[in-house]
1. Pairs, please: C-beta under 8 Å, at least 6 apart or cross-chain, first residue free of Cβ contacts under 8 Å to residues at least 60 places away in the same chain and in segment 48-77, second polar (S, T, N, Q) and part of a helix (DSSP H, G or I)?
2. For residues that are part of a helix (DSSP H, G or I) and among the hydroxyl-bearing types (Ser, Thr, Tyr), scanning just segment 52-101, find the one that is farthest from residue 113 (Cα to Cα).
3. Being surrounded by 14 or more Cβ atoms within 10 Å (Cβ to Cβ), hydroxyl-bearing (Ser, Thr, Tyr) and out of contact with any strand residue (DSSP E or B) (no Cβ under 7 Å at 6 or more places or on another chain) is the filter here; which residues of segment 157-176 pass it?
4. Which residue pairs have Cβ atoms closer than 7 Å, lie 6 or more positions apart in sequence or on different chains, and pair a first residue in segment 78-90 that is under 17 Å from residue 54 (Cα atoms) with a second residue that is not aromatic (Phe, Trp, Tyr)?
5. When you scan segment 113-198 for strands (runs of 3 or more DSSP E) that lie fully inside it, which ones turn up with 2 or more residues that are out of contact with any Pro (no Cβ under 7 Å at 6 or more places or on another chain)?
6. Filter segment 375-394 for residues that are in a strand (DSSP E or B) and either surrounded by fewer than 16 Cβ atoms within 10 Å (Cβ to Cβ) or at pLDDT 95 or above (or both) and give the result.
Amino acid sequence: MAIVDGEPVDAAHSNPAWISKNTDDTAVGDYTLTSPKPAVGASIVSLQREVNSLDSFSGNVPGSVFNVKPVWNNNDVGASTDDLKTRTDLLTRRFSGTVGIGHQHSGVDGDGPPVPSTNISPVPLTAYFPEGSTIVGATGGSTNVTALMGGFSPSTSATVKGAVVTNPQNKTPTLKYASGVNQGDLIKDLSGNEVYGRLTFSVGVWTLTYFTDPAGVETPFSFGVATDVDWFFQVLYNLLDSSNPVYSTLAIIPSLNATADVITATTALQGKTQLSAVAPPDVASAGAAGTANATVANADHTHRGVHTLFAFGNPNLYGDVDLKAGTGISLTQIGQEITIASTSTSGRSGTSAIGSGVKTLAVVFSSTLGSTNYSIVAIMNNLTDALPQFQPIVITTKLATGFTASWNENTDSANYNLEWNATPFA
């Protein structure tokens, strides 16, 4: 609006130049709003452009009535009568983890579709042990199992799905006899060590190599004869994949054999043997190797009588045998029991361990001296402790079968020994 000098001031000339404050009016042209106050913000260049921008942002149609609301094409969350604040609040609550509404990607409208497993990351892999196809006629220290691994890819790390081929995780959990009298039993070497395998992959070839682990040292194993083998191997898979296994073939008892993995013993192989319930025969007059793989006798079995005594370097003795006391030996018979004792006047000697925290030690001779008519020399040694005790030793008891040594203070460790020598008087 503008006033030109010399122009009349009347309704016809002045009213179009001003916007009325008393009645509804319109204006032509661009109008700006500015303010020197920092809190107000930047200036508005065009009032019409700002209003159009707000209509565009809210989805409102320009020129609508004052209380118009958005037209919602989808009302899975909220209602068709929602204003922007109400609809925004409802959507916010669908992502809340505390107000009890939220959404679960269940596939129900407003809940979101299920999330495909391929879109969830990272997911730790897990393992199962499928049973491999039977290896027929395994020989030597390894077997090419490429033909048995169809459908599997090699897993070279904990994040790669497939059959595990990296050491030490590529160890097979068990190898079993697939046929024969020990079918279902664990395969073991001649010393009873369990045989296992390691699965490897190189240039398209899968190989199962055989080992044992005596005393914690992994040792190659070789089948001397063709052996049918049942085996398991480890496979990594993603729990969320639709093609995952449901059941594990390893969820069985270690053996399907009633002998519970204990193989039948032979003259060359340790294993199970049957205990005999038959009373033993009289002692034979000649030696015999016995029957291979036969039953064995219980520890409480007996043989009747003595038929033969054999001394190395002398001919066999047959028939009645007389026992005769030699020099320094006495024989005493009470019923069926013959006691052999020494009558020698030679002494006794030895080293006896002393426990910790004791003041005495009772020493028992290997055989009686026949009386207490002997002298004793005894010393205490300690070859281990840095500062051992020094204690005088006194003999406090003398018997024909031994003596008791005593000292003043309890021993301070178990590293002491008593060296002694008992000599009969002439």
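The values are calculated or read from the model by the stated rules, or taken from the named source; none is laboratory data. Please read these numbers as outputs of a predicted model, since none were measured by experiment. Here the Cβ positions follow ideal geometry from the backbone for every residue, glycine too, while neighbour counts run over all protein chains shown.
1. 62/52; 70/58
2. That would be 53.
3. If the condition is that a residue be surrounded by 14 or more Cβ atoms within 10 Å (Cβ to Cβ), hydroxyl-bearing (Ser, Thr, Tyr) and out of contact with any strand residue (DSSP E or B) (no Cβ under 7 Å at 6 or more places or on another chain), then 166 is the only one that fits.
4. 83/69; 84/58; 84/70
5. Numbers: elements: 126-128, 135-140, 142-144, 162-164, 175-177.
Filter on segment 113-198 gives 126-128, 135-140, 142-144, 175-177.
6. 375, 377, 379, 381, 394
Residue-by-condition table, conditions (1) aromatic (Phe, Trp, Tyr); (2) under 27 Å from residue 329 (Cβ atoms); (3) under 56 Å from the mean Cα position of the chain (by Cα):
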position: 364; (1), (2), (3): no, yes, yes
position: 369; (1), (2), (3): no, yes, no
position: 391; (1), (2), (3): no, no, yes
position: 397; (1), (2), (3): no, no, no
